[in-house]
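J.: Let me begin by handing over the structure; questions about it come next.
All of the numbers you see were taken from the coordinates with simple rules; none came from a lab. Here the structure is a predicted model, which means the values were calculated and not measured. All Cβ positions, glycine included, derive from the backbone under ideal geometry; neighbour counts span all protein chains shown.
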Amino acid sequence: MSISVQNVTKVYGTQKALDQVSFEAHPGEILGFLGPNGAGKSTMMKIITGYITPTEGDVKVCGLDIWEHSLALRKKIGYLAENNPLYTDMYVREFLEFIAGIHKISNRKSRIDEMLQLTGLNPEAHKKIGALSRGYRQRVGLAQALIHDPEVLILDEPTSGLDPNQLVEIRALIQDCGKTKTVLFSTHIMQEVEAVCDRVMIINKGKIIADGKVENLYDLTRTKSMEEAFRSLTSK
């Protein structure tokens with residue numbers, strides 16, 4: 001398995017953001033992490049990436065423990081955060097060169113060219129990031145997450161705010177990545193899970209309340225759509 005989360009709890013003051021969360025994710029799988037805003041999705045992703053530590057519990061990525069091998073673990077992960085932090089005064093190619101340098105990529109130019117081609121950024125490569133549309137900024141975020149060829153890809157609300165054409169293109173890119181990598185994809189939009197993911201976990205109030213194939217969740221709640229299933233489970 002690529003991701004193993006065991007009994008993870010995260011407490012902020014008196015608020016329990018995550019409550020005994022456990023799950024596994026495997027290579028070649030796109031796992032949708034579905035829940036309303038504030039359910040604990042981003043907190044879980046920040047813990048997996050080593051950005052924050054859990055109050056209790058354990059996380060392993062590619063067999064590396066978050067407590068003992070934090071730096072080595074991060075090298076296995078590509079991460080696109082929800083707010084997609086980018087240096088907007090940098091040019092697209094310049095930014096990817098900067099990220100490639102951080103990862104100490106040897107074949108830097110060819111790898112950057114590959115990422116520009118993969119993410120459809122070639123026409124925008126010589127533009128400043130601040131001049132790009134939201135859709136192209138998301139592509140830059142995906143390019144930086146993929147440039148070091150990670151085994152695990154963590155995407156926090158990657159399709160939020162995109163127009164219909166951009167949605168189709170980003171979904172296709174994520175699905176292509178999911179053929180060889182473990183992809184954890186967080187969203188609060190039911191249609192995104194149906195369109196992109198192989199498996200879905202529903203989280204509500206810091207707890208995993210359902211985990212399985214989309215069609216199995218329909219059976220679980222005796223509903224005919226993902227939206228109805230989601231509403232049924234999160235209303236409990």
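J.: Starting from the eigenvalues of the Cα gyration tensor, five times each then square-rooted, give me the equivalent ellipsoid semi-axes of the chain, largest first, whole Å.
T.: 30, 21, 16
J.: What does the charge dipole of the chain about its Cα centre add up to, to the nearest 20 debye, if the Cβ of each Lys and Arg holds +1 and the Cβ of each Asp and Glu holds -1?
T.: Dipole about the Cα centre, nearest 20: 320 debye.
J.: Eigenvalues of the Cα gyration tensor times 5, then square-rooted: what semi-axes does that give for the range 56-101, in whole angstrom, largest first?
T.: Semi-axis lengths for the range 56-101 are 29, 13, 7 Å.
J.: P(r) for the range 1-137, please, calculated from all Cα pair distances in 5 Å bins and given in %.
T.: 2, 9, 15, 17, 16, 15, 13, 9, 4, 0
J.: Restrict the search to the range 1-68; then list the GluC sites (Glu not before Pro) that DSSP places in a loop and that have at most 11 other Cβ atoms within 10 Å of their Cβ.
T.: Glu68
J.: For the range 29-129, which trypsin sites (Lys or Arg not before Pro) are both in a DSSP coil and crowded by at most 11 other Cβ atoms within 10 Å?
T.: Loop-located and lightly packed - Lys104.
J.: Tell me the relative contact order for the chain as a rounded percent, counting alpha carbon contacts under 8 Å between residues six or more apart.
T.: With pairs under 8 Å counted, the relative contact order is 27 percent.
J.: Related question: Given +1 on the Cβ of Lys and Arg, -1 on the Cβ of Asp and Glu, and no further charges, what dipole in debye does the range 1-91 carry about its Cα centre, rounded to the nearest 20?
T.: For the range 1-91, the charge dipole is close to 100 debye.
J.: How many percent of all Cα-Cα pairs in the range 143-217 sit more than 15 Å apart?
T.: Taking all Cα-Cα pairs of the range 143-217, the fraction more than 15 Å apart is 58 percent.
J.: Note the direction-averaged projected area, equal to a quarter of the hull surface, for the Cα convex hull of the range 23-90, in nm².
T.: Projected over every direction and averaged, the Cα hull of the range 23-90 covers 6.2 nm².
J.: Have a look at Met44, Leu31, Cys197 and report the one farthest towards the positive end of the charge dipole of the chain, computed about the Cα centre with Cβ charges (Lys/Arg +1, Asp/Glu -1).
T.: Most positive-ward Cα: Met44.
J.: Once the Cα gyration tensor of the range 152-192 is found, what semi-axes does its equivalent ellipsoid get, as square roots of 5 times the eigenvalues, in whole Å, sorted largest first?
T.: Over the Cα atoms of the range 152-192, the semi-axes work out to 17, 12, 7 Å.
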